[in-house]
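Q: Here it is: the structure, laid out below.
Taken together, the values in this text are just the output of simple stated rules run on the coordinates, not laboratory data. Values in this document were obtained by computation on a predicted structure and should not be read as measured data. Here the Cβ positions follow ideal geometry from the backbone for every residue, glycine too, while neighbour counts run over all protein chains shown.
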Amino acid sequence: MIGEYPLDAFDRFMMQTHVTDLALRYSQDRVKQARSYLRSIFDEAIEQEFLVKDPTRKLKIPKNLRPKNKAILSWDEMWLILAKTARRDRLLLMLDMTEALRPSELFALRWRSFDDQNTLSITETVCRRAIRPFGKTPGSLSKVHLPDGLASELRRWKLECEDRSAEAFIFPNADGGCIDTANYRFRVLKPLAEKLGIERLNFQILRRTMATQAQRMGSVKDIQAHLRHARPDTTAYEYMQELPDSVQEMVGSMYAMLKKGGGSKKGVARLLPNATNRPQNQDVYCRFYGGRCRIRTCDFHRVNLPAFGFSTTYNTAGTAKVRGSRARQQDLWVGLWVEKPHLID
């Protein structure tokens, strides 16, 4: 039974209508998740032999999905948010903006999570006010570094709290328990956004903003580790957004480098050859490390170097690493006729 309907009462049309109606009210991630849940439910029903046919086998994702909202905040907006919030909320949001914590991690922090120095240990999460000993990803439960200034503010906040015991929450609600994410969003973030003229403000936007604004401060791997994502493509494709100022600066730098050559032949000659316009000859810088005497590239030309007693594969793209039979490393310039390799035999 699902609601008041038995499992065998569902057909493909009913399932598709339901998913299409969901697309009118919810985000595309919610719709895709609901479709996945439905398929899992009926797949298990088939496995348990409650049904013979699966009504969700050809269930399609609707085309009228809402576009993803990938809004981010500017530095001015973040400064304004911190300036207009009360003591507790300012520290809470400062911590979240700096450490890019998920709300389930932020509101589950206890004083035992803070070592009174520069480390914050995430050991549990909260969902609908229920404490869980696991996180969203395997790397979610870990230690995060606190800057000196932020650690100092946490120590001062601890002195202001009534309950400073190890099991007390760092940011408790009025009853001393953990804050509910939905309540905080509607009671604090939404009124704050309306007051400051910000279109939308939630914890997802704060994490996305951190990932985007940190592009100039670290690599994708650094940001992935900071957000504690399982895969770097999640960080790069879902969280890191383009910065118009950065794009304009990059375009200006490219133009400046092109103008720097001044149209001289020397600058043109340094361009790498491509597969359709190979030079008649060129030099290759080879290194011998020991092992097999060949390299693998996108453009192969088998040639023999009898002076050194081995055969190698030559790439026209330029510098190449060749594994030869010699144990010691040595550098060598070898001139090769690319189009006429038989001249070297």
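Q: Which part of the stretch 43-69 falls in the paramagnetic zone of Leu24, meaning amide N under 12 Å from the point 7 Å along Cα-to-beta-carbon?
A: Those under the cut-off are none; the list is empty.
Q: Around Asn202, with a cut-off of 12 angstrom between Cβ atoms, what is the net charge of the other residues, counting Lys and Arg +1 and Asp and Glu -1? Before the final figure, lay out the partial values.
A: Working: positive: Arg102, Arg185, Lys190, Arg200, Arg207, Arg208; negative: Asp96, Glu199.
Its environment carries a net charge of +4.
Q: Which whole-Hz ³J(HN,Hα) couplings does the stretch 143-148 yield from phi under the Karplus relation 6.51 cos²θ - 1.76 cosθ + 1.60, θ = phi - 60°, glycine and proline marked x?
A: Using θ = phi - 60°, the values come out as 9, 10, 8, 10, x, 4 Hz.
Q: Then there's this: Taking R0 as 30 Å, what FRET efficiency do you get between Ala166 and Leu51 from their Cβ-Cβ distance, rounded to the nearest 0.05? Let's see the in-between values first.
A: Numbers: r = 51 Å, r/R0 = 1.72.
That pair, Ala166 with Leu51, gives E of 0.05.
Q: Multiply the residue separation of Arg200 and Arg66 by 0.36 nm, subtract the distance between their alpha-carbon atoms, and state the gained length in nm to one decimal. Intermediate results must be reported in sequence, preceding the final value.
A: Details: separation 134, 0.36 × 134 = 48.24 nm, distance 1.61 nm.
Contour length minus Cα-Cα distance gives 46.6 nm.
Q: Between Glu77 and Lys58, how many nm apart are label points set 7 Å from Cα along the C-beta direction?
A: Distance between label points: 4.4 nm.
Q: In what sequence do Arg35, Arg132, Arg90 fall when counting other Cβ within 10 Å, fewest first? Could you put the intermediate results ahead of the total?
A: On the way: Arg35 21, Arg132 12, Arg90 15.
Fewest-to-most Cβ neighbours within 10 Å comes out as Arg132, Arg90, Arg35.
Q: Name the residues whose placed amide hydrogens come within less than 5 Å of the amide hydrogen of Thr125, ignoring near sequence neighbours (fewer than 5 apart) on the same chain.
A: Arg132, Phe134
Q: Related question: Report the local net charge at Thr56: Lys and Arg +1, Asp and Glu -1, summed over other residues whose C-beta lies under 11 Å from its C-beta. Mind dumping the intermediate values first?
A: Details: positive: Arg12, Arg35, Arg39, Lys53, Arg57, Lys58, Lys60; negative: Asp11, Asp43, Asp54.
Combined, the nearby Lys, Arg, Asp and Glu give +4.
Q: Beyond a 23 Å Cα-Cα separation, which of these cross-linked pairs lie in this structure: Lys221/Lys260; Lys63/Lys136; Lys32/Lys68?
A: Numbers: Lys221/Lys260 33 Å; Lys63/Lys136 29 Å; Lys32/Lys68 13 Å.
Too far apart for the 23 Å limit: Lys221/Lys260; Lys63/Lys136.
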